[in-house]
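Student: Here it is, the structure in full.
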Amino acid sequence: MKKRGITNSEYAPILVRWGIALVFLWFGINQIINPDMFLGWMHVNMQFVQENEIVLIMIHGVGELILGTLLILGLWTRVVATLLAINLLGITVNLGYNDIAVRDVGLLLATVAIMMHGPDRWCLDSKKKD
């Protein structure tokens, strides 16, 4: 019996997982080092935290950094993807209908696909099962 090698389709989950994780890492790092850049995206209903806007943005950035790192590693893949999808849903709803929100819907659907697929063969979650 011939041993089957890895097919191109088996690389798809890790490429999507790493691609989305890199987006969250980029935004997380930028929210930490340059939170002022994100002030304009805060929803008008968030004005009750005006004096703490920067802190809130930085906390959000730390969360995205942690969850993005876990997604890269493939630890708690479904849970992390679910949390990130909920986060993106909130951001998308907050933005309303515009070009940024449309982009975020695409990111949201990719994150939901990761959640639905679960750990791929390169996730640390998969290695723990062996």
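Student: Among 67-73, 85-91, what's the highest-first ranking by average C-beta atoms within 10 angstrom per residue?
Tutor: Most protected by this proxy first, the peptides run 67-73, 85-91.
Student: Using only DSSP helix segments of four residues or longer, with each worth -39500 (n - 2.57), what per-residue ellipticity at 222 nm results for the chain after dividing by its residue count and rounding to 500?
Tutor: Mean residue ellipticity, 222 nm, calculated: -23500 deg cm²/dmol.
Student: OK, next. Working out 0.36 nm times the residue gap between residue 56 and residue 127, then minus their Cα-Cα distance, what length gain in nm do you get to one decimal?
Tutor: Length gained, residue 56 through residue 127: 22.0 nm.
Student: Counting only C-alpha contacts under 8 Å and six or more residues apart, can you give the relative contact order of region 11-129 as a whole percent?
Tutor: 31 percent.
Student: A further question on this structure: Applying the Karplus parametrisation 6.51 cos²θ - 1.76 cosθ + 1.60 with θ = phi - 60° to the phi angles of region 53-67, what ³J(HN,Hα) value in whole Hz is obtained for each residue in order, glycine and proline being reported as x?
Tutor: After applying 6.51 cos²θ - 1.76 cosθ + 1.60, I find 4, 4, 4, 4, 5, 5, 5, 4, x, 4, x, 5, 5, 5, 5 Hz.
Student: Now a separate question. After finding the eigenvalues of the alpha carbon gyration tensor for the chain, what semi-axes result from the square roots of 5 times each, listed largest first in whole Å?
Tutor: 33, 15, 11
Bear in mind that the values in this text are calculations on the coordinates, not laboratory data. Bear in mind that the values here come from a model prediction, so they are computed numbers and not experimental data. No Cβ is skipped: glycine too gets one built from the backbone with ideal geometry, and neighbour counts run over all protein chains shown.
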